[in-house]
1. Any idea what angle helix 174-187 forms with the longest principal axis of the chain, computed on alpha-carbon atoms, 0 to 90 degrees, nearest 10?
2. Please give me, ordered by residue number, the chymotrypsin sites (Phe, Trp or Tyr not before Pro) of region 85-153 that lie in loop per DSSP and have at most 14 other Cβ atoms within 10 Å.
3. Explain nothing, just the number: dipole magnitude of region 244-352 about its Cα centre with +1 on each Lys and Arg Cβ and -1 on each Asp and Glu Cβ, in debye rounded to the nearest 20.
4. Round to the nearest 0.05 the FRET efficiency obtained for Glu108 and Met303 when R0 = 30 Å and r is the Cβ-Cβ distance.
5. Once you put a point 7 Å from the Cα of Thr355 and another 7 Å from the Cα of Thr129, both along the Cβ direction, what distance in nm separates them?
6. Efficiency by 1/(1 + (r/R0)^6): what FRET value for Asp318 and Ser222, r their Cβ-Cβ distance, R0 = 41 Å, to the nearest 0.05?
7. Is the shape of region 14-123 rounded, prolate or oblate, going by the alpha carbon gyration tensor and its root eigenvalues a ≥ b ≥ c, with a/c under 1.5 for rounded and a/b larger than b/c for prolate?
8. By how many degrees, between 0 and 90 and to the nearest 10, does the Cα long axis of helix 123-133 differ from the longest principal axis of the chain?
Amino acid sequence: MMKRKHLDEISWEDFNNLSLEEKAPYLVQANGRPFHTLFAQQFDREQLDRLCDLATRIRRISKHREGVKFLGDLLCHKRAMLYFSQPSSRTFLSFYAACQILGFRIAEVRDPSISSEMKGESREDSIRTFSSYFDMIIMRSPLQGLAEKMAWLLSNTNRPLPIINAGSGKDQHPTQALLDIYTLVLSFEKRGGLANKHILFCGDLARGRTVRSLALLLTNYSNISMTFAAPDQLQIGKDILEQLDNAGVKYELTSNFKDAIPQADAVYMTRIQDEWDTKPGESSHIDLTQYSFTGDDLKRLPMYSIIMHPLPRRTEIDTACDNDPRAMYWRQMRNGMWIRSALIATNFGRDDEITQYYMKNLK
Ligand code: CP
């Protein structure tokens, strides 16, 4: 268990200069539960196991009308702000649904051009304004580090409240990584768990924040190995590889995606993230024909393996694969709703009540 430190005891400059591992103890509550959710490295194996178990309990409780009422009463006195200044379908809607499951009242700002940011108000002031009216802020931003800055800033006010990073720049998407882990854990439940599995990542690995966060979260499981398949200019960043080296994870880089498919327990496809092109259309010359998963590739994928994608997709996975039992991307997005419910319930200290209800009524 990480030792509790207080964000209001450290200047922004000093906090910002810490490594992510050093920042992590500032993000937990006195009882060890996560308070802010900012990056993948803050989660350890024990927390991941607890969140996955809780997500399954919430999912099962939600099948029953009485269970839905029980969950919906837990946090009905709380309000959540969803501040998404970057496009989103799944993350926004699954957080929205997760808040509804737990009874939150919800408000949203998705278009800063209709907020007072247009009158010159800084993002920091905007978000501090939300904190006056809400009990939690879930935020997606094109700016790397903004969620961290806000967590620190609000901890130095009289209304500290949980900040959840729902995607920050090209850097991290920690709750996507949580739902990916949950999907992997469920998929390999009857195959000895996630340990010893081989994950094949493919696509724009340089700018895909979901891959970056998931690769780091996977270091919590023993003997995981990874292959990163991408054209040279889209290959995974050295910063991630350094962290995999430090964790003793075996990995391989390749430009030959197709040859790697038969060895994969999970194939994780990603789209080209051309919204980050410095010049519009800059990525369009990259030939991606060998970095898509086709109906023919299903024949070379082992029967027990799974295909994942954070979505949205373009051409990375042929729709001919959609009804194959190994196609996990639809279930993956629904899993996001359950694990995000589990995360929020934990942030607000309702996890034990959910477990007690589950043990009494559904075990
Ligand atoms: N996976 C994901 O982040 O999807 P959205 O961009 O639709 O939220």
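1. For 174-187 against the chain, the angle is about 60 degrees.
2. Values: sites: Phe92, Phe95, Tyr96, Phe104, Phe130, Tyr133, Phe134, Trp152; in loops: Phe104, Phe134.
For chymotrypsin sites (Phe, Trp or Tyr not before Pro) across region 85-153 that sit outside H, G, I, E and B with at most 14 neighbouring Cβ atoms in 10 Å, the list is empty.
3. Values: 13 positive and 17 negative charges, 74 e Å.
In debye, rounded to 20, region 244-352 gives about 360.
4. On the way: r = 42 Å, r/R0 = 1.41.
Rounded to the nearest 0.05, the efficiency is 0.10.
5. So the two model labels end up 4.1 nm from each other.
6. Details: r = 34 Å, r/R0 = 0.82.
FRET efficiency, Asp318 to Ser222: 0.75.
7. Details: a/c = 2.22, a/b = 1.12, b/c = 1.99.
Verdict is oblate for region 14-123.
8. Value to nearest ten degrees: 60.
Read the figures in this text as sums done on the coordinates, not as results from a lab. Quick caveat, the model's predicted, so the values are computed rather than measured. Positions of Cβ are backbone-derived with ideal geometry, glycine not excepted, and every protein chain shown enters the neighbour counts.
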